[in-house]
Structure formats: structure tokens, C-alpha cells
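The values are calculated or read from the model by the stated rules, or taken from the named source; none is laboratory data. Remember, it's a predicted structure, so these values are computed and weren't measured experimentally. When we count neighbours, we look across all protein chains shown, and the Cβ atoms used for this are built from the backbone with ideal geometry, even at glycine.
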Protein chains: 6
Amino acid sequence: MRVLAVGAHPDDVEILCGGTLAKYAARGDQVTIMVATNGNVGSPTHTKEEIAAIRRSEAEKSAAIIGADLIWLGFDDEFLFHERETRMAFINAIRQANPDVMFVHGASDYHPDHRISGEIASDCRIPVTVRLIETEYPHMDKVPHVFIMDNIGSIGFEPEAYVDITDTFETKCQMLRCHESQDTWLQHLYGMEYVEFMAKASSLRGMAIGVKYAEAFRSLPMYPVSGGPHLLP
Amino acid sequence: MRVLAVGAHPDDVEILCGGTLAKYAARGDQVTIMVATNGNVGSPTHTKEEIAAIRRSEAEKSAAIIGADLIWLGFDDEFLFHERETRMAFINAIRQANPDVMFVHGASDYHPDHRISGEIASDCRIPVTVRLIETEYPHMDKVPHVFIMDNIGSIGFEPEAYVDITDTFETKCQMLRCHESQDTWLQHLYGMEYVEFMAKASSLRGMAIGVKYAEAFRSLPMYPVSGGPHLLP
Amino acid sequence: MRVLAVGAHPDDVEILCGGTLAKYAARGDQVTIMVATNGNVGSPTHTKEEIAAIRRSEAEKSAAIIGADLIWLGFDDEFLFHERETRMAFINAIRQANPDVMFVHGASDYHPDHRISGEIASDCRIPVTVRLIETEYPHMDKVPHVFIMDNIGSIGFEPEAYVDITDTFETKCQMLRCHESQDTWLQHLYGMEYVEFMAKASSLRGMAIGVKYAEAFRSLPMYPVSGGPHLLP
Amino acid sequence: MRVLAVGAHPDDVEILCGGTLAKYAARGDQVTIMVATNGNVGSPTHTKEEIAAIRRSEAEKSAAIIGADLIWLGFDDEFLFHERETRMAFINAIRQANPDVMFVHGASDYHPDHRISGEIASDCRIPVTVRLIETEYPHMDKVPHVFIMDNIGSIGFEPEAYVDITDTFETKCQMLRCHESQDTWLQHLYGMEYVEFMAKASSLRGMAIGVKYAEAFRSLPMYPVSGGPHLLP
Amino acid sequence: MRVLAVGAHPDDVEILCGGTLAKYAARGDQVTIMVATNGNVGSPTHTKEEIAAIRRSEAEKSAAIIGADLIWLGFDDEFLFHERETRMAFINAIRQANPDVMFVHGASDYHPDHRISGEIASDCRIPVTVRLIETEYPHMDKVPHVFIMDNIGSIGFEPEAYVDITDTFETKCQMLRCHESQDTWLQHLYGMEYVEFMAKASSLRGMAIGVKYAEAFRSLPMYPVSGGPHLLP
Amino acid sequence: MRVLAVGAHPDDVEILCGGTLAKYAARGDQVTIMVATNGNVGSPTHTKEEIAAIRRSEAEKSAAIIGADLIWLGFDDEFLFHERETRMAFINAIRQANPDVMFVHGASDYHPDHRISGEIASDCRIPVTVRLIETEYPHMDKVPHVFIMDNIGSIGFEPEAYVDITDTFETKCQMLRCHESQDTWLQHLYGMEYVEFMAKASSLRGMAIGVKYAEAFRSLPMYPVSGGPHLLP
């Protein structure tokens, strides 16, 4: 199976579905991580260019841990909009990954880049299959199934299905720690230690299903339904 | 795996998850159909006693088709209430079936007996495991996972997961046809031919996932989450 | 057409659909007002028996203004429960009124008697047509269409359809003023003048559709759909 | 009365409200069908220009069947965005049609072009009446009432009102069959026969109200409420 | 201020609002904890009578820690129903506590006793003020404000307001540890260590507002609105 | 405390939170009113330039009544879109005001400019704190808390918290009357007298909490929760 996780910023995918991706990878599925923005405002000290370069490098290290491909779209952090240019870039990138299932941010998540990247990615699930929409990569054969990832802070998200990530939790932590530039930044911005933050949320979702750590998902409830929760690892 | 489907009236389970039950049965799972009421008002001509007897016999024939056990609670049709007596009867019956997964009516379905039987059954998922609640059958070892069945008329129900029942649709029709007393009754009450009615709904849900016939379900979104959509056949 | 409005207490129907009932009556439709409880706690000075008698008399005067029939079920105020006895009483009363359309309280209204009377009445829409459920009055020929009335305070209710009651607003006020025992009571309980209270809500709903006064409704969203907003006057 | 149906692509309006439009037309109302995009990607074999030309011609034939006017906005299929240019084009087109009621796609429909065209059209209902927004056609006198059409696949849509289209169903089929280029395309894309697909959905909605075929609608729940379900045919 | 927390079982109030109650108590407010059921099934080894006695004693110790009064209604665990007897018992108990604010379980919490006790308590907020409903304690002067507590597992609950309980978290742990009989029971039933379970949930809610531990609440959204979130400590 | 109210058009803030702003001002808080569009279509007689100038002058008079600062963004009325230019302008303006709490329009309000200005303002609450997003004014130290204002017509809005504005209602009326150009315009467009319109809505919300006039609000339910209803005056 081919799996694509679409994050707004470097580190989002790690926080919200890193354990699930590690499970897919561990069983031999092909995983791609796509990052919509370049994270170029996420630093209390660096310039935009510096921090963007640092974050790309961090994202590559993180992806490498599970042998995932990385697609870096490079849009400006905090300024993702749903327009023709971003739609085309997403269509092309999704075709490059050619996924059976796709993980995206949900419509009630906390950050506009999250919501908008999730909306663009979901809205591309049909166009990626259309021959007359021409991009660098060829059109796909079928509509990928879309899973919506949990919200940051676990607020306003009602899970449909859970993945027990107890066995890949350590890998998830390793992936997240690759984003070391964000440790001081998130301390600065929200006063939180980011691995601990992630661990709390994974732990709470685990509690719901009686395991140590879990991640929670919903399916996009729209026609045509091209898959379902059985596609989770 | 052990599977229990809880219907308010004889024929409800056939309409809403008959194809899924047939799939479970076909792969060797143990299936029980539990009917909360005796259907004793469902006739334009018979007495209550006559129609109740007829319907029990019809339910037995239907269950036999897939080798399912039948539990007949026998409460008065149209007068199911959520009270100690019904709660205890459900606890006992669920323990008798001892299911891993349980199918129940949802809270927005059209008929009070549906909504109330679904509420009672869901509310029993924890008590069935409690030693000090004593009934004829012994307490269960674990909380069964609860799937909520589609609404009659497919109104106000947002599916989370679908089961392709194309291969068991004919069996589902056979099961439903066992309830032949209802054919004239539903013609009388709603002006509908009941197999055709069921086929339309199954066909619409099938359309959503690109198959000929399907059934649609949700999981009960409550702690503790004791299973998930991977338990569907 | 035959119209039935089911209120929890004497004066509820006047507040929430009095103007609409007056319009039905004015065009010649047969209107029945059914009151579930006897209002026997609604007084700061009287005994239960006294205030119940007073309120019945007030309800009769109010109904008489539009030539409506009054069905007085007489259950204890504040103690309406959904059980066999109340279900049977509602079935019989609805059959007595034999309505094409029925107005009931909604599930998010402020008072338990409101929510429960609305639930019982809605749940009776099918049983009233069933021959084998025997009551004093004969079973009905068809399922009445159910409209849900606005919530008290207009909180948590999203209207689907509005009725312009500007021309019957004065009649509505007259009907409400018949319940004069409640004037001091509601002053006592909530610190409000009850005609002014009603006028504010009617005025707000009127504002939405650009008229002086209106009332707002929803249809019960359940199978079988036996009518629709075209049945409003 | 003047009626405008706004579809994202050629054939959407036929599928979701064709029977209702045929009823309006049959009783003498003036009907306009507006198509936002040119459908220029909807073909497995043609070029964009070819298929756009074919689809316009098909849309014209379909509209002609009920004597409806056709407004062809010609935006690129799959690339409709909510921006000044599209807003202005919609304002002008709505003014051209000058409708009393307007049918639009809903916010939970499956396709981004559907959702976005519905959002733009709804958002124009006030601006069309504003003198200082100048377009080719003059500003309208009043805010049209907005009906939201069913979702494709009938998923996630709770109907408020139904229109019995049994008597115009054959006309609806004829209209849809005009879009013959889509027959092979939808077979290719979704594996469905498009008239059968539509018939299933119409049949399910019909089942809800006890007729052979129906279409389902909601009203836009926003101030100012400029009409209501009584405006349905 | 006078504060009443209504729990379904001994320990519920501690888990869901123990830190908030401790804050009220610390600033001098009068706190009452009311427990609807006697917890008489919550043991893998004791008899019903033994465990009920143990749990009452545990609840008394827990309440004593913050100087709260304890009202013990003693209904059978797992068999709370909304009927006249329970309604009257709740009215009397609420009058005994005579609260300005009341904390209750919500309608989507996981356990029927939770949902039902919350429904009964909410439904009593008006009757407690009614003179003609006579109970042992006199009727109250005003409708208490109702806060809805978080759901167990933090599933399906959208917080409106948070209380930072970092400074009373240790007290909350002490209160919960008084319920030592439940430690082995919950290990047995759900495989969880109950203080750790509570700590995870408090920690997640704290994370949302940037503190170590918090509890989350909503107000009952119904007329008459007799208070608001400013009544939280 | 520093307070910012973001309205789509001149007069929106006055209608939806004028009384609350007056209370903040009266107790010494610093209040800023920001107006997204220039109101340049709101006249039946003037040119765009004339009416824009008139409305700015009216907005200044209104703000002066409570000593509030006015930030005038000047985007075209009816043509506000969520794009980089508007996002940057909002970020800069919010930084200029540097608020602790921010009032914005909600996602279900009636007018696209309302919904879009509310979305932009909410989406800026994090970017305003980010150093590398450079605007004229310096980045803020912390994320402001966001309150969502009531909907026009009080349709589709469920209040979480109310502010009693009885004592500042006269000031609110004075502020609104400054927008005298809108009196004839709204009469023209909606047939309503705008102070009376506002008074009805304030009166209805007041009724809910038992006072003469009130305004209703919700908090943005998203991580990080940077405040709460205790920040209301």
C-alpha cells in the first residue's frame, strides 16, 4: 500500500500520525510525507531563509527514520491560501506520491495553515485522477481514501477509529525530536515542551482504547467513498 | 468472533444489517439475532396473539437461513420503555449471546422502539461485565464493541464505515422474505413493498462505495472504546 | 385540515404557536389544543387543586377565542414521564383530535415537561395508526405530519419555516391573557411579564422574515415523512 | 415566478433538481439554469476545448427540453475559486436571471466546485440587490430565497422539504441523457451509469415521502429570510 | 457562594471537578457533593452490601478533605432511571444543598448512570424553586446555574470554559485516592490505574490553556440562563 | 485590559457588541474598533466615494462616544476576500490595537463580509505573535483571546456567555445613531429601522438572562485557549 501524510508545517505529521506512519513503514508500506509550508517563521532568532533551511533538513532526518519520502512544497509559513497555484502544486505532489490513503488536517484544527492544507488536499482527491488536468506527474488511477487527523490539543475532534501506536511510540518520539529547532520556539510561543505535548495527546487517545499510546482518525464523509478504516494499519 | 444484532422488531435486523450478518456467518462467526418486541401489533387482520406467534416463527426461519441463534425477548410491540425490567432482560440476553461486537439501532432512527432498544442495548455494554449484577447467564469478560445501524429511510445517518454486501444480498432478501406477514402490513401502513424498500436503501449505500449493495454503520463514540471498524466483516 | 397543538402546560401552545393556530382557525381549519399537565404547581398562593382548576378554566377560555377544542390530560405539572400510561393517554388523545398536522415541543427546549411531552407526542405518530393498539378512540388512517415549535427564549432552535402572524398577533395576545393566573406567577418565578415576553420572541422571529410578528417551526426529520412545510398556514 | 438553478458543472442541476425545475416549467414559471464551469476536463478522450464545446451543446439541449434559459459562465472545471472575479460574474448572472428563488449546491457536497459555487451564489444573494455594485445587468429589487440542493450520494444531507417529482421524472431522465458525453466519463471515473445513479437517489428520497421519485432541499438558514419552502412547486 | 456537584457514583465528582471544588472550598465557598448511586456493584470480591458501605465511607473521607458536605442518595449502581422517585429525591437533595451553581454529568458521557443523573439534576433546576412541589427541605429562591462536567475519556466534549487546577491538583489526587476500593476494580474492569487516568485527562485539559492541570466545563444552554462562566472559581 | 472589536462594516460592532464595549470603556479599559470595509456601497443615492467618506466620519463619531480608537482598513464593501493582502492588513491592524481580547463575527453569520472578516481576524491570532512576520507594528507578546459575536437576526447562534448591557444600552443606541446614513439605506434594503432592529435583538438576549438588554458571545474553541469568559466585563 502507498501512504501519504500531508502536514501544514514540518513536524505536524509527526505529532498527529507519526506512530501510524511508522506502523505502515514497519510492515513494508511505502510512506510519503508532504509538507505544505517551509516553516520559515518558526524561530525566535534565525532569519526566514535560515530557519526554512534548518527545518527542511530536520524534516528530511525525520522522514529518513522510517524510510519515508519527503515532498517539500515550500509555501510561506502562515500564508497558505486555497488558490489555483496551491491546488495545482498539491495535485502534482499527490500524484508524485500516488497514494492509496492520504492523511490530512481537519476543518476544525487550530491553525489556518492546517485547515487550509487539509481542505486543499481533500479537494484534490478527485482532480488527481483527471487526465485533462496536466501536471508534471501523470494522473492517478483512482481516488485515494482520505483520513482526517486529530486536532492539535484534541479539542473539537470526535475520533472514529484509533491506531494503537504503543509499539512505534519511541520511533514517533525520535521523529519529532529531529525537529529540534522547534523545541525552543514552541517553548517561546506556547510555553510547552513539544515531545511532552505530543506524548500527552497520544496518551489520552491511548487511554480511550485501553493502550499506552494511540492516534485517532476520521474518514472524509463524502461521495465517492473510496476506502475505509480497514485501511489503517 | 461472536456477533449479536439487536433489533426492535422482527425484520429490523434483516433490513439494516442482514447482509453483514450473512457475511459473518459465511466466514464461520457465531451470529445471534435478538428481537426486543414480539411484533404483536403488526397485522391488519390477526389478533395480537396470532401475529406474535406468526412473527416469532418467521424470525426463526430467517435466523435459520444463516445458522444464527434467535433470542426472543417478547416485549409488547410499540411499548418498549427503558426501565429496570427491560434493562435486566437485555443484560441477560446479551450475556447469553456473549458477543464481541453488537449491532444496535441509533438515536435518530424513526421509531421509538428502535431508539429505545438501541439505547438499552448500548447502556448494557458495561453492566454485562459486572459480576454483582446477577442474571441467569454469567457476566461477560469484556465490554463488547457497539456498531450503530443505519436509520430506516437513510435519513439523518452519516455512515462511518460500509460493508459491501453484494455477495450476500440474495441471502438478505431470503431472510427478509421470511417475514411474509409484514408484506401486506407494510403495504397497508406505509404503502411500500418491503423487499424493494430494503433493496433501495442497500443500493444507495452501495452506490456510495461503488458496489451494487452495501450496509452502513457507525461506532458508538464513547469511552471505553473496545473495538473499531476493523471488526466489520 | 385538522390541526393539533400539544403543549406541556396551559399557555405553552399560546406562546409558541398561538398566532399560527389562529390563522388555521380563521381559514376554517379544525384546531385542537391538548395540554399534557394540569399546571397544578403554577401558583405562589393557591393549593394544587385550586390552581389546577383555575388553569383549566383559563385554557378553556383561551381555546374558545379561536373556536378550538381543548383536550386536558391532567398529568401532574413538573412530573410528566415517558412511560406506558402517558404514551397510551397521548395515543388516545391524538386519535380524538385526529390531526393532519401536529405541533409539539422540541428536544432542546428548556423545561423537562416540554421535552418529554414533545417526545411522547412524536413517538405516538405511528402507533396512532395501528389497529391493534386499542384505545377509546379508533385508530387513525394516516401518520400526521409533526412540526416542532420554537424553544422558549429562542435559544438553541434553528427555524426551518416561519409563519407571519402579524394579522393574528392580537388574537394571540388575547389567548395568552386568558392565563391570567400565570402573570403573577411568572413575575414571581422569572421576573418577567409574560405577554411582553412572548411579544419579544414573536417580534424577533418576525424581524427575520421582515414582518412585525412571526412564529418559527421545524419538521420532524424522520421516516416516514408524511407532510411538509406546505402544511403551514 | 422566476427560478434559477446554479450548478457547478453541466449535468449537476439535472441530477439534483431537474424534476423540480420541470415542475416549475410545467406550471409556467420562468426557469434559468446557470452552469459555473465549462466541464472542460470531463472526458477520457477529447481535448479540453472539444469537451467544453460538447458539454455546452449538451447543456443547451437539456435546458431546451423544459424551455429553460441557459447561462454559461465558462470557468475552468475543477478550478473554481471564491474570488472577486467569480463573485462579480455570479452577481451579474444572477441579475440576468433575476430569480425569486435560487437553487445552489450545499457546503457538505462532495466536490470542491460544488461547494464553492454554492458558497459564491449564496454570498451573492444580498450584493445582487445593491445599486453601487455595478454589472452589465441592473441590480435586483429583492433578495432571492435560496434553496440548498441535496448532496451527491445523499450523504450528509438532512432534508427539510421534499418535492414529489414522479410526474416529471421522465423529463428529468431526458434532460440528463442529453449529457451523453458524461456517460462514458462517469463509467470511467466512478464506474457508474449516470441515469441509474440519479434514479437511485431520486428513488430513495421518494421512498421517504411515500412516492416513486422525489428531490430533497433545505433553505439557507440566514437573515434575512426572504422566502420559505412554500416557494417549492 | 454555595456549590453542589452531582456525581453518578462515588469518585465521579472527584475525577471530573475535584480540583475546581477544592478551589471553591479554599476560597471559603460552601461545597456539597451529592452521589446518586451507592456504587454497590463496584467490586470484584465484596458483596453488594459490603462494597456499598465501603464506598460510602470512602466518599465521606474524600469530601472531608475539602470540608464538603456529602449527600448520599443510595440508588442502585447501574440502575438509575429517570422516574418520579428519583426526580423527587434529587429535588429534595438539591434543596438541601441550596446551591448557586450545580455541576452535573453531560448527555454524551460514557455511562448511563452519568447521563441519567445529569439529566435528572438539570431537569430539577426549575422544580426546586416551586413552592407546590413539597419535599423535606423548603423550595429554593432561585434557579441554580448548571455547569456540565467533562466526559470520561475527554471524548465528545467541547469545553467552553477551563479552570486552572494546578494549585489544587494534589488535593484532587488525595480525594480520589480515598476511593481505594476502586483501584483494583478499575484495574479489573478497564485495566487502568485510576489516579493516573484522571491525571492524564487533567493534564490534557491543562495543556489547552497552557497550565499543568485543568478541568473543562460547559454551561447548560437553556432558558432561563441564571448565571454563567464567571461563577467558576 | 486592551479590547479590539473587528467589524465587517461600519455599524456592525455597534449592533453586536456596542454595549459590551461601552462597559469596558466605562471601567477604564482601552477599546479599539476596527472596520474591515469602507461601506462604500451602503447608500441608495450617494456615489461610492461619497458614502465611504460619510461612513468613516460616522464611525469616528461613534467610536468617540466611548473614547475608542478607530482603525479603518478601507477594503471594498461586499468584496472582502481571505487572501494574503487582507491577512497582512489584519495582522498589522491587530498589532496596532495590541488586544488582550478580540471580538469577531462568527462563521454562520448572514453576510459574507462578516464571515470572512471573522475568519481572517481569528486566523491572525497566532501570526500576530510571530516575529518573522513583519509589518509596520511590532509583533505581539501573546495570543489574544477571541470572542465570537452574535449573528445578525440571532439565527443559528448558541450563546455561551451573556453580558448585561442594560446600563450601557443608551450609549449603544447613541453609537448606532451616529451611522445615520444607514437608516434610510436599511429601510430601503431590508425594510427595517436599524435602532429598533438592534433593540429587539438586545432585548431578546436580555430576556434569556432576566435583564432588560444583553449581548451574547462564544469563545473560539481552539487550541491554544488563551483566555475565557471571565475576560468579559
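General remarks:
- In the range E:144-156, residue surrounded by the most Cβ atoms within 10 Å (Cβ to Cβ) [restricted to those that are at pLDDT below 95 and part of a loop (DSSP other than H, G, I, E, B)]: E:Ile155
- Positions within the range D:169-204 being facing another protein chain (nearest Cβ under 8 Å), touching a Ser or Thr at 6+ places or on another chain (Cβ under 8 Å) and small (Gly, Ala, Ser), in sequence order: D:Ala201
- Of all the listed residues (B:Asp109, B:Asp113), the sole one being outside any loop (DSSP other than H, G, I, E, B), acidic (Asp, Glu), surrounded by 24 or more Cβ atoms within 10 Å (Cβ to Cβ) and within 14 Å of chain C (Cβ to nearest Cβ) is B:Asp113.
- Residue match in the range C:127-135 (condition: touching a residue at least 12 places away in the same chain (Cβ under 8 Å) and buried (at least 24 other Cβ atoms within 10 Å of the Cβ)): yes
- Members of the range A:119-131 found to be out of contact with any Lys or Arg (no Cβ under 9 Å at 6 or more places or on another chain) and within 14 Å of chain F (Cβ to nearest Cβ), listed by number: A:Glu119
- Selected residue (criterion: farthest from the other protein chains (Cβ to nearest Cβ)) from residues of the range F:157-168 that are buried (at least 20 other Cβ atoms within 10 Å of the Cβ) and among the charged types (D, E, K, R): F:Asp164
- A single member of A:Gly74, A:Gly106 is modelled with pLDDT of 95 or more, over 22 Å from A:Asn40 (Cα atoms) and of a type outside the set (D, E, K, R), and it is A:Gly106.
- Only one entry of B:Leu80, B:Leu16 meets the criterion of being assigned to a helix (DSSP H, G or I) and touching an Asp or Glu at 6+ places or on another chain (Cβ under 8 Å), and that entry is B:Leu16.
- Residue in the range F:183-194 that is in contact with a helix residue (DSSP H, G or I) (Cβ under 8 Å, 6 or more places away or on another chain) and either of a type in the set (Lys, Arg) or at pLDDT 90 or above (or both) present: no
- Scanning the range B:211-232 for residues that are out of contact with any Pro (no Cβ under 6 Å at 6 or more places or on another chain), closer than 30 Å to D:Ser202 by Cβ and either hydroxyl-bearing (Ser, Thr, Tyr) or away from chain E (no Cβ under 14 Å) (or both) yields B:Val211, B:Lys212, B:Tyr213, B:Ala214, B:Glu215, B:Phe217, B:Leu232.
- Positions within the range F:187-220 being within 19 Å of the chain's Cα centre (by Cα) and not in a helix (DSSP H, G or I), in sequence order: F:Tyr213, F:Ala214, F:Glu215, F:Ala216, F:Phe217, F:Arg218, F:Ser219, F:Leu220
- Within the range A:116-126, restricting attention to residues that are over 26 Å from F:Ile126 (Cα atoms) and of a type in the set (A, V, I, L, M, F, W, C), the residue that is surrounded by the most Cβ atoms within 10 Å (Cβ to Cβ) is A:Cys124.
- Pairs, first part of a helix (DSSP H, G or I) in the range F:48-77, second of a type in the set (Val, Ile, Thr), C-beta under 6 Å, six or more apart: F:Ala59/F:Val35; F:Ala63/F:Ile33
- Yes/no for E:Gly39 being within 14 Å of chain B (Cβ to nearest Cβ), crowded, with 23+ Cβ neighbours inside 10 Å, of a type in the set (Gly, Ala, Ser) and not in a strand (DSSP E or B): yes
- When each of A:Thr184, A:Thr168 is tested for being in contact (Cβ under 8 Å) with a residue 24 or more places away in the chain, part of a helix (DSSP H, G or I) and under 17 Å from the mean Cα position of the chain (by Cα), the lone residue that passes is A:Thr168.
- Some residue of the range A:57-76 being charged (D, E, K, R) and surrounded by 24 or more Cβ atoms within 10 Å (Cβ to Cβ): no
- Of the residues examined, B:Asp141 is not one that is in a helix (DSSP H, G or I) and surrounded by fewer than 24 Cβ atoms within 10 Å (Cβ to Cβ).
- Of all residues in the range B:42-56, those that are surrounded by fewer than 18 Cβ atoms within 10 Å (Cβ to Cβ) and β-branched (Val, Ile, Thr) total 2.
- Taking the criterion of being within 16 Å of the chain's Cα centre (by Cα), within 13 Å of chain B (Cβ to nearest Cβ) and more than 20 Å from E:Asp183 (Cβ to Cβ), the residues of the range E:42-92 that qualify are E:Phe75, E:Leu80.
- Failed condition for C:Met207, given (1) away from chain E (no Cβ under 14 Å); (2) touching a residue at least 12 places away in the same chain (Cβ under 8 Å): (2)
- Among the conditions (1) within 14 Å of chain B (Cβ to nearest Cβ); (2) charged (D, E, K, R); (3) surrounded by fewer than 24 Cβ atoms within 10 Å (Cβ to Cβ), E:Arg2 misses just one, which is (1).
- Filter result for F:Pro159 (part of a loop (DSSP other than H, G, I, E, B) and under 19 Å from C:Lys200 (Cβ atoms)): yes
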